[in-house]
Structures are given as C-alpha cells and as structure tokens.
C-alpha cells in the first residue's frame, strides 16, 4: 500500500488525525449555536497565539485573502510603505498598489530590510507600513518589533503578515504595536488551507476606509462576530472551521511556549545538519534579522541540480521545497512547522543527505548526527 508523502514544506504541512477527522462529519448550520461555539473556540485560542486582545476574525479564504483584507480596509487612497525582501513582501506591495499609493522599500531577497529608508518614507507621510514577519521564500525572519517601534513613532498603521510565524514562533502583536496581523490556516497551525485569521486594533478601526471591499469587509465581520451566536457575515467554509477548531485545541493543549520551543529546536537541527554538510544558509542576516524558525533556506552546492536532488528525496516519500522565481535551482527549503518533530526532521535530513551524495556532492560531515545532537 502506497503511503502518503511526508510534506516538509513551508506549508501546507502534515495535519493531525484529529484535524482531518473533524472535516468528515455531516454539515452543520452556520447560523447555529453549535457553529458559534466552534468559531468562538478558534478566536479564543488564536488571540493567545497572536499575542493580542484585539478583535480577531476568521475569513474563508487563503492567507492572501487576509493580506488583501488588511490592505483594502485601511489602505485605500493612502500612502503605503511596503518592506520587501522576498516573494510575499512583493505580494503585499502588489496588493497595496491596487488600493493606495504604494512605495516599495526593496532589498535583495533574503537580505536585511532597509529600515533607514522606511523611516524616511514615514517622515514623508506614509500612513501604513506592511511587513512580512517570516519570509519563507528566503528563510529570513524580519524584525517586527523594530518596525513596530518606527511605525508607532510616526503614528502610522502597522500591517504584519504573520502567516508563517504565528503558531510556530514568538509573536507579540500588541507588544510590537501591530495594528493588523494575519495568519494562514495551513502553516504553523497545521490545519487545512483555505482560512485566514485577521486581528484588528482599535487604532486601525479609527482609520477604516469609507469604501471597503464587499466580501472582505472587516466591519461586516466585526458586526457578525458580535451577534449571538457568533457568526461570519457570509457563508463560511464550515468543514475548514471544524478542522481549525481542532487544530487550535491541539495548540492549546500543547501550550504556545512548548510549541514555539519545538519549532525552534527543529530549525536549529536543520541548520546544524547544513553546517555539518558544509552548506551555507541562504539568508544574509545581521543583528536585527534572524534565520527563520519555520523554514530553512539552504544554498545548493555547485553541481547539484535542484530537480534531481528533490526527486530523489520525493521517491523516498518526502517532499521538500525548492526556490521560487529567480531563486529556482539556487536554494532548497526544508519546512519545520506544524505537527512534526524530531522523527520527521531526522527522516528528512537523512533523505537529503543521501540525495546530496547521490547527486555528486561530497558532504563534509554527518548532518543527521549533528541534528540528532540538537534533539538529544
């Protein structure tokens, strides 16, 4: 019998059986007390995971829907400064171009952000700043706390994409001054793809635009969430909500501190393996930027072909990611997020080590042993 492949990607990730089974039940009325309790459970746990006491809503749509909701409700006809050092920072910039006067503050993918240029743009009147906290395209974690300090200093709004960090890394939305934060269901939460959660601060509500989108109208979500029972304004993806509730309860049972520690340990193990192999991490970090906790981007050694190496790993039942856009063939990425731990990481690293050797690279040391030391 063919086994399901092990997804070691920066999302989607393997889902616990409890989460999968939650989707198998008969449909329920989305205007019922039962659905209201499901939605309420999701919001309760997610507020803790976001590090917020602000309003929080779940939208039937992917993380990109959450990104668009954040920009469209607050950024229409305003000046938006978009920090970009990867694919998803670019996506926020492209969304911002459709709604406001967007300024791209770009760095090479995987290199530190230009915070000096951000401050200049804020001094020139930017009213919103967008940031991807954890840029999975390049495996770099950006300094959200520092960005939040600059944004608040200039009384602008801070929109933070936490799609691949919330639920797997330290996120303190309120303490960092984040006005609108976003997460996607299929990343660190280990739920199915198709839902986005968005938190909104009181400062942001004061600056709500006059002509919001229809389906992504966050004021409509606020009104429906305040009803008894708690509702969404439009028909939700009920099976996905049921699965998200189960995923949130698993997060609550594990404890967010324990969950973050598990993710950090997995990332350290992957980095230890890469170092033992003699490979370089792709991101160029500094005192303010860090390697991602939820995905490791590793530069290919000369002579190793991306498709060939990842195909060897895939034939062993494990799927890792390559690079995106201009990074195709230059990096490979190993996810360390969601419902996985030492067994899955070590299996992935063993397959990767084998594939590197099979592809003609002479590894310098035993990466699996180095990673095992991190877990041991």
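Derivation of every value follows stated rules applied to the coordinates shown; laboratory data play no part. Source: prediction; values computed, not measured. As a convention, Cβ positions derive from the backbone with ideal geometry for all residues, glycine included, and neighbour counts pool all protein chains shown.
Note on 48, 235, 64, 130: ascending count of other Cβ atoms within 10 Å places them as 235, 48, 64, 130, the fewest first.
Taking every alpha-carbon pair under 8 Å whose residues sit at least 6 apart, the chain reaches a relative contact order of 24 percent. Its alpha carbons considered, segment 63-220 gives a radius of gyration followed by a Dmax of 14.0, 42 Å. Once the Cα atoms are used to define both axes, helix 144-153 deviates from the longest principal axis of the chain by about 30 degrees. Semi-axes of the equivalent ellipsoid for segment 146-229, computed as √(5λ) from the eigenvalues of its C-alpha gyration tensor and ordered from largest down, come to 21, 21, 11 Å.
Using alpha carbons only, the radius of gyration of segment 1-41 set against its Kirkwood radius gives Rg/Rh = 1.14.
Packing-based ranking of 338-349, 358-369, 186-197 yields 186-197, 338-349, 358-369, ordered from highest to lowest mean Cβ neighbour count within 10 Å. Each DSSP beta bridge with both residues in segment 20-133 is either parallel or antiparallel, and the antiparallel ones are about 0%.
Principal-axis analysis of the Cα atoms of the chain puts helix 33-50 at an angle of about 60° to the longest axis. Considering every alpha-carbon pair of segment 23-92, the percent of pairs per 10 Å bin, from zero through the bin containing the longest distance, is 15, 35, 33, 14, 4. Remark: segment 179-304 is approximated by an ellipsoid whose semi-axes, taken from the C-alpha gyration tensor as √(5λ), come to 37, 19, 14 Å, largest first. Helix 256-277 versus the longest principal axis of the chain: what is the Cα-based angle in degrees, 0 to 90, to the nearest 10? Between helix and principal axis, roughly 30 degrees. For the chain, the normalised intensity computed at q = 0.08, 0.11 Å⁻¹ comes to -0.40, -0.75 (log10 of I(q)/I(0), Debye sum over alpha carbons, equal scatterers, no solvent). Where both bridge residues fall in the chain, DSSP classifies roughly 55% of the beta bridges as antiparallel.
Taken as Cα centroids, segment 1-56 and segment 205-246 sit 16 Å apart, rounded to the nearest whole angstrom. For segment 232-355, the fraction of alpha-carbon pairs lying more than 21 Å apart is 49 percent, rounded to a whole number.
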